[in-house]
Every structure is written in structure tokens, then in C-alpha cells.
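The values are calculated or read from the model by the stated rules, or taken from the named source; none is laboratory data. What you see is a predicted model, and the numbers here were worked out from it, not measured in a lab. Cβ placement follows ideal geometry from the backbone for every residue including glycine, while neighbour counts extend to all protein chains displayed. Surface areas here come from the heavy atoms of the whole protein model, side chains and all, with no ligands, DNA or RNA. Shrake-Rupley method; radii C 1.70, N 1.55, O 1.52, S 1.80 Å.
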Amino acid sequence: MAEEQDDNQVYRVVVNDEEQYSIWQADRELPAGWHAEGIEGTRAECLAHIGQVWTDMRPRSLRLRMEQAAAK
């Protein structure tokens, strides 16, 4: 907890093809399969944004399969 309070890093919100969110230090190259979502800020700001936009934790592929099954 103390580490988070003293964190001076700038983070960016990142998302993968399955529409799963995470944060990544803004000065580091993004890992394969992830792209910047457009928001940068403190750890707390980025996590708050994710809390607002990531309301369905299921991976995109699972949501699509469930929707297809429900349509049958």
C-alpha cells in the first residue's frame, strides 16, 4: 500500500483484443497483443477509469459465444 501512495509513475490504460484492461507504465514499450486505450495518469486515475469502462469482465470471445448460443 505504501508503494502505491509513493508511486510517481505515469501509467497508461491498455486493452487487448479480448477487451481486457490493464495498466502499463507509460515510459515502457507495450507488450505484444496490447494497445493504448488513450488514457494516461496516475495509477489511481487509470484504475478508476478501468473501473468505469470495464463493466463486463468476460473476455470478448466468451461474450460472443454466449450471445450466439442465446440467439439459437
- request: Taking only protein heavy atoms into account and a 1.4 Å probe, give the accessible area per residue of the chain in Å².
  value: 75 Å²
task: Give me the percent of Cα-Cα pairs in the chain that sit more than 21 Å apart, rounded to a whole number.
output: 36 percent
field: Placed amide H near residue 39: partners under 5 Å, 5+ positions off or other chain
entry: 13
Gain upon complete extension [residue 70, residue 17; 0.36 nm per residue less C-alpha separation]: 16.8 nm
- prompt: Per-residue HN-Hα couplings for region 53-59, Karplus 6.51 cos²θ - 1.76 cosθ + 1.60 at θ = phi - 60°, whole Hz, x for Gly and Pro?
  reply: 9, 9, 8, 10, 6, 5, x
field: J(HN,Hα) series, region 37-52, from Karplus relation 6.51 cos²θ - 1.76 cosθ + 1.60, nearest Hz, glycine and proline x
entry: 8, x, 9, 10, x, 6, 4, 5, 5, 5, 5, 5, 4, 4, x, 7
- request: Taking the dipole about the Cα centre of the chain, with the C-beta of Lys and Arg at +1 and of Asp and Glu at -1, give me whichever of 47, 30, 64 is farthest to the positive side.
  value: 64
message: Quick check: at a probe of 1.4 Å, how many percent of the accessible area of the chain sits on carbon and sulfur atoms?
response: 49 percent
- prompt: Quick one: if the Förster radius is 25 Å, what FRET efficiency do residue 7 and residue 54 give, using the C-beta to C-beta distance and rounding to 0.05?
  reply: 0.75
task: Using label points projected 7 Å from each Cα along Cα→Cβ, tell me how many nm separate residue 63 and residue 26, to one decimal.
output: 2.7 nm
